[in-house]
Amino acid sequence: LGARQSGAPLLRFADLERDTDLVELARNVSEELINAKSPAVEKHLDRWLGTRQFFLKS
């Protein structure tokens, strides 16, 4: 990977072609968690995303 690659550090190691199934699973699980409106999920999203949560709904 290039030294100037941007993005979340853990995603820098993903190979989107190789990891398609894993990426799709993560997307589906994340949608379920967001839609659950659980206080624990809301707290976690607030901690990690703050005001950027609106990106998840687009």
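The values are calculated or read from the model by the stated rules, or taken from the named source; none is laboratory data. Everything quoted here is computed from the prediction, not taken from an experiment. With ideal geometry, Cβ positions are generated from the backbone for all residues, glycine too; neighbour counts draw on all protein chains shown.
Return the residue satisfying two criteria in turn: it lies in region 25-58 and is surrounded by 10 or more Cβ atoms within 10 Å (Cβ to Cβ) and modelled with pLDDT under 75, and of such residues it is nearest to ALA14 (Cα to Cα). Top of the filtered list is LEU56. Here LEU10, LEU16 are screened, and the one residue that is within 15 Å of the chain's Cα centre (by Cα), modelled with pLDDT under 90 and part of a loop (DSSP other than H, G, I, E, B) is LEU16. Taking every residue in region 38-58 that is over 20 Å from ASN28 (Cβ atoms) and in a helix (DSSP H, G or I) and pairing it with any residue that is at pLDDT below 75 and not aliphatic (A, V, I, L, M), at least 6 positions away or on another chain, the pairs with Cβ-Cβ distances below 8 Å are ASP46/GLN53.
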